[in-house]
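This report refers to the structure that appears directly beneath it.
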Protein chains: 2
Amino acid sequence: MTAVHNEEQVSRSDAQEPAGAETPPLVDFETHPDRYRHWGLDIDGDVATVTLQVDERGGLVEGYELKSNSYDLGVDIELYDVVQRLRFEHPEVKAVVMTGGLDRMFCAGANIRMLAQSSHAWKVNFCKFTNETRNGIEDATEHSGQTWIAALNGTAAGGGYELALACDDIILIDDGSSTVSLPEVPLLGVLPGTGGLTRVVDKRHVRKDRADMFATKSEGYRGDAALRWGLIDATFPKREWDEQIGARAAAAAGRSQRTGTQGVELRPLDRTFEGDTIAYPYVTAAIDRSSRRVDITVEGPSGAPPEDAVGVLAQGVEYWPLATTRALDDLVLHLRTNEQDLGTWVFRTQGHTDLVIAYDSQLRGLAGDWFVHEVSLFFKRVLKRLDVTSRSLISVIEPGSCFAGILLELALASDRQYMLEGVYEDVDPDATPASIALTESNDGTFPMGNGLSRLGSRFYGRDEELAAARGTIGERLDARAADQVGLVTMALDDIDFEDELRIVLEERASLSPDALTGMEANHRFVGPETVETKIFGRLTAWQNWIFNRPNASGPDGALRRFGTGQRGSYDYRRV
Amino acid sequence: MTAVHNEEQVSRSDAQEPAGAETPPLVDFETHPDRYRHWGLDIDGDVATVTLQVDERGGLVEGYELKSNSYDLGVDIELYDVVQRLRFEHPEVKAVVMTGGLDRMFCAGANIRMLAQSSHAWKVNFCKFTNETRNGIEDATEHSGQTWIAALNGTAAGGGYELALACDDIILIDDGSSTVSLPEVPLLGVLPGTGGLTRVVDKRHVRKDRADMFATKSEGYRGDAALRWGLIDATFPKREWDEQIGARAAAAAGRSQRTGTQGVELRPLDRTFEGDTIAYPYVTAAIDRSSRRVDITVEGPSGAPPEDAVGVLAQGVEYWPLATTRALDDLVLHLRTNEQDLGTWVFRTQGHTDLVIAYDSQLRGLAGDWFVHEVSLFFKRVLKRLDVTSRSLISVIEPGSCFAGILLELALASDRQYMLEGVYEDVDPDATPASIALTESNDGTFPMGNGLSRLGSRFYGRDEELAAARGTIGERLDARAADQVGLVTMALDDIDFEDELRIVLEERASLSPDALTGMEANHRFVGPETVETKIFGRLTAWQNWIFNRPNASGPDGALRRFGTGQRGSYDYRRV
């Protein structure tokens, strides 16, 4: 992972922004175990041990030291890489023990000086990525048969405990001093930002009044009390530690349904930046800075899928669905972090619908194969990233596109879908008009955070319309039919299409980015809520509010004063 | 309703606060139809018509005119009074038609100049109260057999349309110009703040992409388009208007199960302010400003309940449960709006548990009586106000208290419950130790916004503990038993109790009020989410964030520039 300082100095109009904040670096989300500075990865049979031992001087940005195993975005990028590689490169691993390499301190959470010096946008984006990584850990446990176990060999404070909360099993060492704690509210005047409050009450079912005591008690609780309240699952003294952790890991591995022997190496992405164009195999992004927009084109496969699971595995990272998913994942992370000005992302596809459908049905047909299953799960997670991305997403469906099945999910994840009826008469009057196609994949393979498919969310509360849409699975729908069944926002012929789209994009780019972010976050998740949607909706929104308040981020706020020996100076009025 | 300017000048440390903002007035939530300046109330048989005709010069605060039927808190206080009186004073009313008294403009929503000049806290509190009033309208429709119908005789913009969204039936006049719209995002850079986004997708099931178009199209949609998308339920031209509205109101009234003939007059509250003490019959609040705390004591009934429904009705507003509920309602609103510094509310009760239980079982036994039913529903709504109140709530259970059934709900709504084990030896060694008692009322009569009882929320995901608690219904539990079954946070004897409580209250008062607000909002609603919890969680949190952003509230933000002919000047970076 490299951190090159962005040459374009970002203007800081927010009164709340720390004056001396570092210019955010250009962040690269690609890394490799050879370059890890903060995590150790050790595999022994079907159990992997990942060890957090943060290089204090390895911060992504200058201005802070990562003491006490505290983390910044760079540490988390490595963790994300660990999670991904374990899933793809190590089919044999069925349990993952996460522990720490320091004495008596597992992890002190997010680095406070880093938070204090960061811009609002940096803090928010940092929290989003770390939340996604923790959700990914839960996803590996639930869906990949890789159960994560938190072996807390020392205190897990704040984000350190939140990391543990993402694991299926939390064991805290009983050494008379180590605790679990969420000291953010009492010490920093902010919330635990990676799901702590939500997971304590909604996942671990800790009683509200106890959760209240816990989240206001900066020193936290030691083993016995933490166990009694359900904050951890077990506590053992040092002499029993290795044996007990080993036994629990072995038990988890024994329960795993995970299969496969030969992994798929996640080789470095084939990625080029040329001017304002970012290109990967199958994915290209063209940035239009003056319009604050990026046009993202996803290419369909160039040939038929391999015949069977053996053939798929042989293709490895070149398997079209995986290559495309990896590219989209990297692109989403890059644009979110490094290109805040680009408020609108426009998705197009290009290719042969029949080939997309062939791959789409292979993903379902071979779902029992560990690798194919992992590819589907990864695509699901990338789609979820889109759902929580604070950018306006617009899909444009034109001749030559291939929005079917898995690629149609990109359109369904978008805030709007514009489809050309017929062809561009002055460009290619002989083109075949665009069509879209639902497949079974759109009906539950890639659930959103709310547990519903994007199709189910689209027709939430309108069962007849949902049934009618489902009834078209397998059919090619032209613009009129797609509009009829409610799968596109607007179907227009070429006389109106370009004008309409131009106006829509111009208008979108003129609106308040904050209001759009709030609006999209409220529209995208209808119906039921889950731990996941609560984290990205309720928790994140409150945290963002708090991050904007002088009590946290003002010159005398708790975040900025942390470590000075002075507490935050609060305006005590409740809002 | 009176608005006396608060003599205590509030310091403004927030950089975002408008420099020329008016000092918030001391707001009184009591009013009476004789004093209405903005609403007309007309009753004809079983149909009431409430007409919005805002007095432009009747703003609660100076500095703005309430043009185009726009509203401020004062207008909404009257609406709340209308809703309450229709329920209690008019058992004969089974349908309520809400319409406007201006030509071609039903309501322009919240007054923008008012918002622009208001402090952050004022805006947030204003939104909370208006949201509660709209939820109350839905509650009347669903539970009181008083169906609210929005007869939009002109454009319903922003909060005007959100008012309509709270109604069961929305009819827009078809006059070639009137529309429904949510122009907040495009025109003001904020969200529709009273549930609009949530109700459009989650209540009316409008497709996400259409909701997106609607909420970014400032001029909105006229009747036909609005009807096609599900934004309204019907549209009629002027010549059919009265007949159609009348028919729909009659139909709604015909479906009502509401009974009762003689109403109960909501006579003025018997309320005194003396120094820092606020007293009502059965409820007293003692303010301790140096501790930023208010001690609220609820007194149990002084005698047995009336024998039957006739006797209850004869007591009217003096019926203990109603008198107590009215007092609590007024007190909550007063403290929230006028006493922002008091961050901790401590609840105590005083009285005879057996009498409380007698009333408690009467409320269930006579639930078929319209008036008793209304009293229960009102108490439910006041409890819900507590759930969304941004103050720390602590219940203290001591000898002489009567936390049973309905009064135990106050404790269950609290963030923590402290119970004295035994007695205060140095105060009254012969006192009877405190006990608490669950009744059937705690098991579903007063659901929270998430649809669960407070008991069910307390033991969410812990079915055995819930069953064990339920098993104690009807029993008196002393401190040890209450602790055992998980109904109190802590049971301590008098050697430790006072010290512990003092430390807890002091610590609480020292924490960041913003972090506490965010924490409490995340802890209080476990499990399922509903339109209601989404409005107070997700939507409100995002709105509060946006209200704090320079793009909305900064000197060049959209809110402050509204009406100047200049658009907001935005920092377009997405966060």
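The values are calculated or read from the model by the stated rules, or taken from the named source; none is laboratory data. Predicted, not measured: the structure shown is a model, and the values here were computed from it. Here the Cβ positions follow ideal geometry from the backbone for every residue, glycine too, while neighbour counts run over all protein chains shown. When the accessible area is computed, the model is the full protein with side chains, heavy atoms only, and any ligands, DNA or RNA have been set aside. Shrake-Rupley method; radii C 1.70, N 1.55, O 1.52, S 1.80 Å.
Going through A:L505, A:L492, A:L501 one at a time, which residue ends up being closer than 16 Å to A:Q417 by Cα, touching a Ser or Thr at 6+ places or on another chain (Cβ under 8 Å) and more than 7 Å from chain B (Cβ to nearest Cβ)? Full working, then the answer.
Working: A:L492 fails: touching a Ser or Thr at 6+ places or on another chain (Cβ under 8 Å); A:L501 fails: touching a Ser or Thr at 6+ places or on another chain (Cβ under 8 Å).
None of the others qualify; the one that does is A:L505.
The residues on offer are B:R113, B:R87, and the sole one that is open to solvent by less than 10 Å² (accessible area, probe 1.4 Å), charged (D, E, K, R) and part of a helix (DSSP H, G or I) is B:R87. Scanning the stretch B:341-388 for residues that are within 29 Å of B:T432 (Cβ to Cβ) and in a loop (DSSP other than H, G, I, E, B), we see that the one that is nearest to the chain's Cα centre (by Cα) is B:G351.
The set of residues in the stretch A:552-575 that are open to solvent by less than 20 Å² (accessible area, probe 1.4 Å) and among the hydroxyl-bearing types (S, T, Y) contains only A:S553.
How many residues are part of a strand (DSSP E or B), open to solvent by 10 Å² or more (accessible area, probe 1.4 Å) and either under 18 Å from A:D242 (Cα atoms) or free of Cβ contacts under 8 Å to residues at least 24 places away in the same chain (or both) when one looks only at the stretch A:137-159? Break it down stepwise before answering.
The first filter runs over the stretch A:137-159 and keeps only residues part of a strand (DSSP E or B), leaving A:147-152, A:154-157.
Among the residues that remain, those that are also open to solvent by 10 Å² or more (accessible area, probe 1.4 Å) are: A:147, A:155, A:157.
Checking which are either under 18 Å from A:D242 (Cα atoms) or free of Cβ contacts under 8 Å to residues at least 24 places away in the same chain (or both) leaves us with A:147, A:155.
Looking only at that region, the number is 2.
Between A:G63, A:G59, which is crowded, with 20+ Cβ neighbours inside 10 Å, in contact (Cβ under 8 Å) with a residue 12 or more places away in the chain and out of contact with any Phe, Trp or Tyr (no Cβ under 8 Å at 6 or more places or on another chain)?
Numbers: A:G63 fails: crowded, with 20+ Cβ neighbours inside 10 Å.
Exactly one of A:G63, A:G59 is crowded, with 20+ Cβ neighbours inside 10 Å, in contact (Cβ under 8 Å) with a residue 12 or more places away in the chain and out of contact with any Phe, Trp or Tyr (no Cβ under 8 Å at 6 or more places or on another chain), namely A:G59.
Can you find, within the stretch A:172-224, the residue that is least open to solvent (accessible area, probe 1.4 Å) among those that are in a helix (DSSP H, G or I) and of a type in the set (K, R)? Working first, answer last.
Within the stretch A:172-224, the first condition is being in a helix (DSSP H, G or I), and the residues that meet it are A:184-188, A:196-203, A:208-216, A:223-224.
Applying the additional criterion that residues be of a type in the set (K, R) yields A:199, A:203, A:208, A:210.
Numbers: A:R199: 0, A:K203: 68, A:K208: 29, A:R210: 54 Å².
Ranking the qualifying residues of the stretch A:172-224, first place goes to A:R199.
Taking the stretch B:532-574 as the region of interest, how many residues are more than 7 Å from chain A (Cβ to nearest Cβ) and either within 26 Å of the chain's Cα centre (by Cα) or of a type outside the set (S, T, Y) (or both)? Final tally of qualifying residues: 20.
A count restricted to the stretch B:341-378 and to residues that are in contact (Cβ under 8 Å) with a residue 60 or more places away in the chain, surrounded by 19 or more Cβ atoms within 10 Å (Cβ to Cβ) and either of a type in the set (K, R) or within 14 Å of chain A (Cβ to nearest Cβ) (or both) stands at 3. Would a scan of the stretch A:198-209 turn up a residue that is within 14 Å of chain B (Cβ to nearest Cβ), touching an Asp or Glu at 6+ places or on another chain (Cβ under 8 Å), in contact (Cβ under 8 Å) with a residue 12 or more places away in the chain and closer than 16 Å to B:H523 by Cβ? For the stretch A:198-209, residues within 14 Å of chain B (Cβ to nearest Cβ), touching an Asp or Glu at 6+ places or on another chain (Cβ under 8 Å), in contact (Cβ under 8 Å) with a residue 12 or more places away in the chain and closer than 16 Å to B:H523 by Cβ: present.
When the residues of the stretch B:460-488 are filtered to those that are open to solvent by less than 10 Å² (accessible area, probe 1.4 Å) and assigned to a loop (DSSP other than H, G, I, E, B), which remaining residue is farthest from the other protein chains (Cβ to nearest Cβ)? Write out each step before concluding.
So in the stretch B:460-488, the residues open to solvent by less than 10 Å² (accessible area, probe 1.4 Å) come out as B:469, B:477, B:479, B:482, B:486-488.
Narrowing the set further to residues that are assigned to a loop (DSSP other than H, G, I, E, B) leaves B:486-488.
Working: B:G486: 6, B:L487: 10, B:V488: 8 Å.
Out of the qualifying residues, it is B:L487.
All of (1) touching a helix residue (DSSP H, G or I) at 6+ places or on another chain (Cβ under 6 Å); (2) modelled with pLDDT under 95 hold for A:V427 with one exception: (1).
Checked against (1) open to solvent by 30 Å² or more (accessible area, probe 1.4 Å); (2) more than 14 Å from chain B (Cβ to nearest Cβ); (3) closer than 25 Å to A:A367 by Cα, A:A437 passes all but condition (1). Please verify whether the stretch B:500-521 includes one or more residues that are farther than 21 Å from B:A413 by Cα, of a type outside the set (S, T, N, Q), part of a helix (DSSP H, G or I) and under 22 Å from the mean Cα position of the chain (by Cα). The answer is no, given that none of the residues of the stretch B:500-521 is farther than 21 Å from B:A413 by Cα, of a type outside the set (S, T, N, Q), part of a helix (DSSP H, G or I) and under 22 Å from the mean Cα position of the chain (by Cα). Candidates are the residues of the stretch B:312-340 that are open to solvent by 30 Å² or more (accessible area, probe 1.4 Å) and more than 20 Å from the chain's Cα centre (by Cα); the one that is nearest to B:T389 (Cα to Cα) is B:E318.
Among the residues of the stretch B:508-531, the one identified as without any contact (Cβ under 8 Å) to a residue 60 or more places away in the chain, open to solvent by 10 Å² or more (accessible area, probe 1.4 Å) and at the interface with chain A (Cβ under 7 Å from one of its Cβ atoms) is B:L511.
Every residue, every condition in (1) more than 14 Å from chain A (Cβ to nearest Cβ); (2) in contact with a helix residue (DSSP H, G or I) (Cβ under 6 Å, 6 or more places away or on another chain); (3) surrounded by fewer than 16 Cβ atoms within 10 Å (Cβ to Cβ); (4) assigned to a helix (DSSP H, G or I), yes or no:
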site: B:A226; (1), (2), (3), (4): yes, no, no, yes
site: B:I232; (1), (2), (3), (4): yes, yes, no, no
site: B:E240; (1), (2), (3), (4): yes, no, yes, yes
site: B:A251; (1), (2), (3), (4): yes, no, yes, yes
site: B:Q262; (1), (2), (3), (4): yes, no, yes, no
site: B:F273; (1), (2), (3), (4): yes, no, yes, no
site: B:D295; (1), (2), (3), (4): yes, no, no, no
site: B:V310; (1), (2), (3), (4): yes, no, yes, yes
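For the stretch A:277-293, which positions are open to solvent by less than 60 Å² (accessible area, probe 1.4 Å) and either acidic (D, E) or free of Cβ contacts under 8 Å to residues at least 12 places away in the same chain (or both)? Residues satisfying the conditions are A:T277, A:A279, A:A286, A:D288.
Selection of the stretch B:395-434 for residues being open to solvent by 10 Å² or more (accessible area, probe 1.4 Å), within 17 Å of B:I296 (Cβ to Cβ) and not in a loop (DSSP other than H, G, I, E, B) yields only B:R416. In this structure, does A:R381 turn out to be within 24 Å of A:N135 (Cα to Cα) and open to solvent by less than 30 Å² (accessible area, probe 1.4 Å)? The answer is no for A:R381.
Conditions (1) open to solvent by 10 Å² or more (accessible area, probe 1.4 Å); (2) within 14 Å of chain B (Cβ to nearest Cβ); (3) modelled with pLDDT of 95 or more; (4) within 23 Å of the chain's Cα centre (by Cα), marked per residue:
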residue	(1), (2), (3), (4)
A:E7	yes, no, no, no
A:S11	yes, yes, no, no
A:D14	yes, yes, no, no
A:P24	yes, yes, no, yes
A:P33	yes, no, yes, yes
A:V50	no, no, yes, yes
A:S68	yes, no, yes, no
A:I77	no, no, yes, yes
A:E92	yes, no, yes, no
